[in-house]
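First the structure, in the form of structure tokens, and then the observations on it.
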Amino acid sequence: MGVRAEHDRAVLAGLLSRDPVLHAYQLGDLDDFFWPYTSWFRRGDSVVLLYHGVVPPTLLAFARPARVGAVAALLGEVAPVLPARLSAHLSPGLESVLDGTFRVTATGPHRKMALTDRARLAAVTPAGEVLGRADLPRLHELYAAAYPGNWFDPRMVDTGRYVGVRDGELLVAVAGVHVVSAAHRVAAVGNVTTRPGWRGRGLAGAVVARLCGLLAAEVDHVTLNVAADNPVAVRLYERLGFTRVADYGEFTLVARDGSRVAGSAPAGGVEAAGADLP
């Protein structure tokens, strides 16, 4: 079966839900909140996602070791119609498939983690209040001070799944989500940070614990991505009951063919479908 654009969310959900902790981000992107910003490609049981709600667009392609060959075959067919510049999150080994079409630059190894030990989480005293749109100026200021360069979609505050701790009027710690889907029972924790000067007081653990408490009623799988070379964050999440479930790499891709248009949408042969510091 050749590569095709996949427009059927039920088909995609059926394939991705076979491994929900590996594909939590993609499952979340099936919701109406993100769906308009996605293009999906399928070859048999293999799926890759191009998320174009950010600049540059981001390609997500994950596979367990036994499935790397099948996903690599799909990537090889999709590569010629991808934008000329994009980011990519790829399971180990998949980057080599793109090297002929793109200049591939690694930006760091990462881990996928999932909440597997709720007893550890229960041992942490939660703290934090739910944040809303009125808190966006304080959130932007906190991220500028404590987590510059992070990816933060302000729309996610509307989910009611951002929590923060204040010192007076100052927001000093926050935890939120990158995706959350009650329909597919998955969430990905993200944008966790503590203001310099307030670190070392357990605030990051407290806000993540509070957030996980909110998520418990609506999802079965709480996941996160973390830079492998951020031992402080890795230890924090392990203390909260998260365990490593997969590795992946982050990359920047620039087309070797200089005539292609940077940031262009998928076109041509394939029709397009509609690390945190505590």
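All of the numbers you see were taken from the coordinates with simple rules; none came from a lab. Since the structure is predicted, the reported quantities are computational estimates derived from the model, not experimental observations. As a convention, Cβ positions derive from the backbone with ideal geometry for all residues, glycine included, and neighbour counts pool all protein chains shown.
Return the percentage of antiparallel bridges among DSSP beta bridges fully within region 153-209, rounded to the nearest 5 %. Close to 100 percent. Packing here is the average count of other Cβ atoms within 10 Å per residue, and on that basis the peptides 146-152, 72-78, highest first, run 72-78, 146-152. What number, in nm² with one decimal, is the all-direction average of the projected area of the convex hull of the alpha-carbon atoms of region 1-118? Answer in nm², one decimal: 8.1.
Couplings for region 112-128, taken from phi via the Karplus curve 6.51 cos²θ - 1.76 cosθ + 1.60 with θ = phi - 60°, read 9, 10, 9, 6, 10, 10, 6, 5, 5, 4, 5, 7, 9, 6, x, 8, x Hz in order; Gly and Pro are left as x. Where only DSSP H runs of four or more residues are counted, the chain gives -6500 deg cm²/dmol as its mean residue ellipticity at 222 nm, each run worth -39500 (n - 2.57). With all projection directions averaged, the alpha carbon convex hull of region 188-227 covers 3.2 nm². For the chain, the direction-averaged projected area of the alpha-carbon convex hull comes to 14.2 nm². Rounded to the nearest 20 debye, the dipole magnitude of region 1-145 is 280 debye, with +1 charges on Lys and Arg beta carbons, -1 on Asp and Glu beta carbons, and the Cα centre as origin. Toward the positive end of the charge dipole of the chain, with +1 on the Cβ of Lys and Arg and -1 on the Cβ of Asp and Glu, the farthest Cα among VAL124, VAL54, VAL180 is that of VAL124.
Peptides 84-97, 7-20, ordered by how many other C-beta atoms sit within 10 Å of their residues on average, highest first, read 84-97, 7-20.
Classify region 117-240: rounded, prolate or oblate, from the alpha-carbon gyration tensor (a ≥ b ≥ c, eigenvalue square roots; a/c under 1.5 rounded; otherwise prolate if a/b is larger than b/c)?
Values: a/c = 1.42, a/b = 1.14, b/c = 1.25.
Taking the square roots of the gyration eigenvalues as a ≥ b ≥ c, region 117-240 is rounded.
For the chain, the dipole from Cβ point charges (+1 on Lys and Arg, -1 on Asp and Glu) about the Cα centre works out to 480 debye, to the nearest 20.
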